[in-house]
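Undergrad: The structure is given below, and queries will be raised subsequently.
The values are calculated or read from the model by the stated rules, or taken from the named source; none is laboratory data. Note that the structure is predicted; figures quoted are calculated from it, not measured. Using ideal geometry, Cβ is built from the backbone for each residue, glycine included, and neighbour counts are taken over all protein chains shown. Note: accessible area is taken over every heavy atom of the protein model, side chains too, but ligands, DNA and RNA are not part of it. Shrake-Rupley method; radii C 1.70, N 1.55, O 1.52, S 1.80 Å.
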Amino acid sequence: MSLVRVDALHKSFGHLEVLKGIDLKVSAGEVVSIIGRSGSGKSTFLRCLNQLEQHDSGRIEINGQVLDANSMAPALLSENVGMVFQNFNLFPHKTVGENVMLAPMIVRGEREREASRLARRMLERVGLADRFDAWPEQLSGGQQQRVAIARALAMSPKVLLCDEITSALDPELVGDVLKVLEQLARDGMTLILVTHEMSFARDVGSRVVFMHQGRIHEQGDSREVLSQPRTPELQQFLSAVR
Amino acid sequence: MAMALDFSALAPYGGEVAAGVATTISLTAVATLVGITAASVLAWLKLNGPAGVRWGIQAYVELVRNTPFIVQLFFIFFGLPALGVSLEAWVAALIAMTMNLTAYATEIVRAGIESIGKGQLEAARVLGLSRRQTYRHVVLVPALRKIYPALTNQCIIVMLGSAVISQISVEELTWAANFIASRNFRNFEAYILATLIYLALSIGMRQLFRLAGWHFLGGRQGRPSS
C-alpha cells in the first residue's frame, strides 16, 4: 500500500492553473525528488501535501488519511507530514533546544523533561547535540537548516517534505545538510524533496519526478531518468541545470 | 523684580506629594499591565476574530484615538452616572487610563504581529500548532520585541497624561502640586517640583521597561533592534 497517494490534483491561483491533474504514489521509504523549472508547480504541489495550500479538486491520502484542511486540525496533519523550508524558519526567540521541544510540548502535551530528552536525541541525529542552548542567530545557515530538520523529526512524521532546503545556503554548507538527508534516507524515512541538487537526486533518491507546466511530465528510477531522459523537455531542462 | 525661590515652603506638604506620587505610580502600573495584556488579545482578535468582533474593536480604537483623553475621562466620571453608573473618582480614572492605553497599544501590537513573516506562521502550522498556539508561542514575543520602544513610549504618555485626572479630584501628583500652590501661592516652586518628579518617573519607567523587556522578551534577544 502506498504511504502517499495523490489522484487528479488540481490547484489554481485566480485564473492561473498551477496544477493540472497530478497523480502520484509514494511507498514508505522512498526518496522522491521533484525537479522542474520554476513555475512548473513543484513547490505548490509540495505545499498541497501538507495543506499549506488547499487543492481545488482531487484527492490526497497520506498514511490512510484523506487530507482536508477544512475538517482537519493541524495537529493531526503534523503527525503524518513534516516539512522543512528553504529559509529554515526557526523561531528566533527560542533556543535551538526550545525550537525542537515546542511542538512536542504544545501539540503532543509532553512534559518538559521528556521533550528535552527527545530534542537532544533529534539534535544528535543532525549532528548538533552540542548546540542545544545556542540561539538560532548564532548558527550558520547549514546548522540552522539541520535544526529545522531536527524540529520536524521531533513530531515523528511519516513523510518529510523538503522545499528547496539547500537553495538558501552557501555552497560549502550544502554538503552537511545533504549528508543528514542521506542518513535519514538510509534510516528508512520517506522523503519528498523539491530540489536542484541533481547529484543528490541521482545518488540518494530512488525516484525522480519531472514536473512541467503543472503536470508530471516524466518520472522513473532516478539514475535512469537523469541519465537517459526520454522527453525533449526534460533533456532541455537537464542540459540547462548542468 | 527678582523672584526668590524658596523650596523650603514646600516642606510641610511632603506627605501630600508622596501620596500623590504613589497614586500616579499605582494607577499607571495597573493601567500598563492591564492595557498591554488586553491589547495583546485585542490585536489578535482584530486580525483573526469574526467580522463583528473585528468591527467592534476597530470602532473602539477609533473612538479613543480620535477624542481627547480629558473628554473620555469626563464621560466616564460625569457622564455615566446618567446611566446609573456612579464610580469613585480613582476608579473612573483607572478605567479611562486603561481604555486609552489599550486602544493605542492595540494598534501598536497589531503592527508588530503583521511584521512577523509568513514563514514563521507556516513553520508553526506544519508542526501542528493551532492558530492560537501559534500566536501565543511563536508570534507574540517577536512581535512585542519589534514594537517595544513604541509601546514603552505609549505607556509613558499615559503616565504623563494622568496629570489631567486631578480634574476629577483624584489626588495624584498634579493634584498635590495644585494643592500646595493654592495654600501657599508658591506656584513656581510647586510646579518645578512636579516637573522634576514627572521627569524622574519617566526616566525610571523607561529603565523599568528595559529590564522587563530583557527579562520577558528574552535575554540576549532582548535588544529592541533584533
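Undergrad: Taking B:SER169, is it away from every other protein chain (no Cβ under 14 Å), surrounded by fewer than 20 Cβ atoms within 10 Å (Cβ to Cβ) and on the phi > 0 side of the Ramachandran plot?
TA: yes
Undergrad: Would it be correct to say that A:GLY205 is under 15 Å from the mean Cα position of the chain (by Cα) and within 25 Å of A:GLY39 (Cβ to Cβ)?
TA: Yes: the conditions hold for A:GLY205.
Undergrad: Just checking, how many residues over region B:121-170 are in a loop (DSSP other than H, G, I, E, B) and touching a Phe, Trp or Tyr at 6+ places or on another chain (Cβ under 8 Å)?
TA: Adding up the residues that qualify gives 2.
Undergrad: Any residue in region B:102-123 that is over 30 Å from B:VAL158 (Cβ atoms) and within 13 Å of another protein chain (Cβ to nearest Cβ) sitting within a Cβ distance under 9 Å of a residue that is open to solvent by 20 Å² or more (accessible area, probe 1.4 Å) and assigned to a helix (DSSP H, G or I)? List the pairs, counting only those 6 or more apart or interchain.
TA: Final answer for the pair search is B:LEU121/B:ARG131; B:GLU122/A:ARG47.
Undergrad: Quick one: in region B:85-101, of everything that is under 22 Å from B:THR37 (Cα atoms) and either open to solvent by less than 20 Å² (accessible area, probe 1.4 Å) or polar (S, T, N, Q) (or both), which residue is farthest from the other protein chains (Cβ to nearest Cβ)?
TA: B:ALA92
Undergrad: Would you check if B:LEU5 is hydrophobic (A, V, I, L, M, F, W, C), open to solvent by 70 Å² or more (accessible area, probe 1.4 Å) and touching a helix residue (DSSP H, G or I) at 6+ places or on another chain (Cβ under 7 Å)?
TA: Numbers: hydrophobic (A, V, I, L, M, F, W, C): yes; open to solvent by 70 Å² or more (accessible area, probe 1.4 Å): yes; touching a helix residue (DSSP H, G or I) at 6+ places or on another chain (Cβ under 7 Å): yes.
For B:LEU5, the condition - hydrophobic (A, V, I, L, M, F, W, C), open to solvent by 70 Å² or more (accessible area, probe 1.4 Å) and touching a helix residue (DSSP H, G or I) at 6+ places or on another chain (Cβ under 7 Å) - is met.
Undergrad: State which residue pairs qualify: first residue more than 12 Å from chain B (Cβ to nearest Cβ) and inside region A:100-128, second residue aromatic (Phe, Trp, Tyr) and open to solvent by 10 Å² or more (accessible area, probe 1.4 Å) in any location, beta carbons under 8 Å apart, and separation of 6 or more residues or different chains.
TA: Pairs that qualify, where the first residue is more than 12 Å from chain B (Cβ to nearest Cβ) and the partner is aromatic (Phe, Trp, Tyr) and open to solvent by 10 Å² or more (accessible area, probe 1.4 Å), are A:ALA119/A:PHE132; A:ARG120/A:PHE132; A:LEU123/A:PHE132.
Undergrad: Out of curiosity, is B:ALA82 open to solvent by less than 60 Å² (accessible area, probe 1.4 Å) and assigned to a helix (DSSP H, G or I)?
TA: On the way: open to solvent by less than 60 Å² (accessible area, probe 1.4 Å): no; assigned to a helix (DSSP H, G or I): yes.
The answer is no for B:ALA82.
Undergrad: Does B:GLY218 count as in contact (Cβ under 8 Å) with a residue 40 or more places away in the chain, outside any helix (DSSP H, G or I) and under 30 Å from A:ALA152 (Cα atoms)?
TA: yes
Undergrad: Identify all residues within region B:109-154 that are under 15 Å from the mean Cα position of the chain (by Cα) and open to solvent by 30 Å² or more (accessible area, probe 1.4 Å); write none if there are none.
TA: B:TYR148, B:PRO149, B:ALA150, B:ASN153, listed by residue number.
Undergrad: Restricting attention to region A:69-92, does a residue exist that is within 18 Å of the chain's Cα centre (by Cα), away from every other protein chain (no Cβ under 14 Å) and more than 30 Å from A:ALA134 (Cβ to Cβ)?
TA: no
Undergrad: Residues to consider are B:PHE78, B:PHE74, B:PHE69; find the one that is under 17 Å from B:GLN167 (Cα atoms) and in contact with a helix residue (DSSP H, G or I) (Cβ under 6 Å, 6 or more places away or on another chain).
TA: B:PHE69
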